[in-house]
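Nothing in this text is a laboratory measurement; each read-out follows from the coordinates by a stated rule. Predicted, not measured: the structure shown is a model, and the values here were computed from it. So basically every Cβ, Gly included, is an ideal-geometry build from the backbone, and we count neighbours across all protein chains shown.
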Amino acid sequence: MNELPVYVLNGPNLNTLGTRRPEVYGHATLTDVEANVRARAQTYGLDVVFEQSNYEGQIVEWIQQARTQACGIVINPAALTHYSVAIHDALEMCEVPVVEVHISNVHRREAFRHTSFVSPQATAVIAGAGILGYEFGVDVVAQHLGLR
Ligand code: DQA
């Protein structure tokens, strides 16, 4: 096992995955996402801290924690993506790889979803791959750590 875990952070409304607009986000729940991510991370010997919050400040605190306690961050900031300067600034201080994940292809959707305050701070951006995007996010972190 790598000493530090990957932080997988989820923003507002992602706790409702599975029932929220399944035609956009699919039928899998966040618990399914967590199980998949843990399995993928294990193939690299990586542990996972998996969190979700509907509160911006809580996400900022986890990002600050990740600076010293994570080997990388996979983050779906959800709606906060499109307006949170606080998340942008918190990520700016992180030296670990950061992968921004969106389940849906935000670029195919409403114009307000085309702006991301997170992408300028991200090592990689994955959108439209469904929940598989989270596993790809772990792959990218592992690649940056030289584990693949
Ligand atoms: C999302 C896309 C965002 O625009 C939206 O606000 C979400 C989920 C996605 O995973 O596709 O809550 O981040």
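Within segment 1-66, list the chymotrypsin sites (Phe, Trp or Tyr not before Pro) lying in a DSSP loop whose Cβ has at most 11 other Cβ atoms in a 10 Å radius. Don't skip to the answer; put the middle values down first.
Numbers: sites: 7, 25, 44, 50, 55, 62; in loops: 44, 55.
Filter output for segment 1-66: 55.
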*Restricting things to alpha carbons, tell me how big segment 9-49 is in terms of Rg and Dmax, in Å.*
11.7, 34
*Non-local amide H neighbours of residue 74 (under 5 Å, H modeled in plane, Pro and chain starts lacking H): which ones?*
7, 8, 9, 99
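If you take every DSSP beta bridge fully contained in the chain, what fraction is antiparallel? Give it as a percent rounded to 5. Kindly include the intermediate steps, with their values, before the conclusion.
Values: 0 of 17 bridges.
Of those bridges, close to 0 percent are antiparallel.
For a quick check of your reading of the filter: which GluC sites (Glu not before Pro) in segment 1-61 sit in a DSSP loop and have no more than 16 other Cβ atoms within 10 Å?
Values: sites: 3, 23, 34, 51, 56, 61; in loops: 3.
Sites meeting the loop and neighbour criteria: 3.
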*Which of the trypsin sites (Lys or Arg not before Pro) found in segment 30-114 are in a DSSP loop and have at most 14 neighbouring Cβ atoms, other than their own, within 10 Å?*
109
*Restricting things to alpha carbons, tell me how big segment 6-144 is in terms of Rg and Dmax, in Å.*
13.5, 39
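Please get the size of the charge dipole for the chain, origin at its Cα centre, with Cβ charges of +1 on Lys and Arg and -1 on Asp and Glu, quoted in debye to the nearest 20. Intermediate values should be presented prior to the final figure.
Values: 9 positive and 15 negative charges, 85 e Å.
Taking the Cα centre of the chain as origin, the dipole is about 400 debye.
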*Out of residues 5 or more away from residue 126 or on other chains, whose amide H comes under 5 Å of its own, with H placed 1.01 Å from N in the peptide plane?*
100, 101, 102
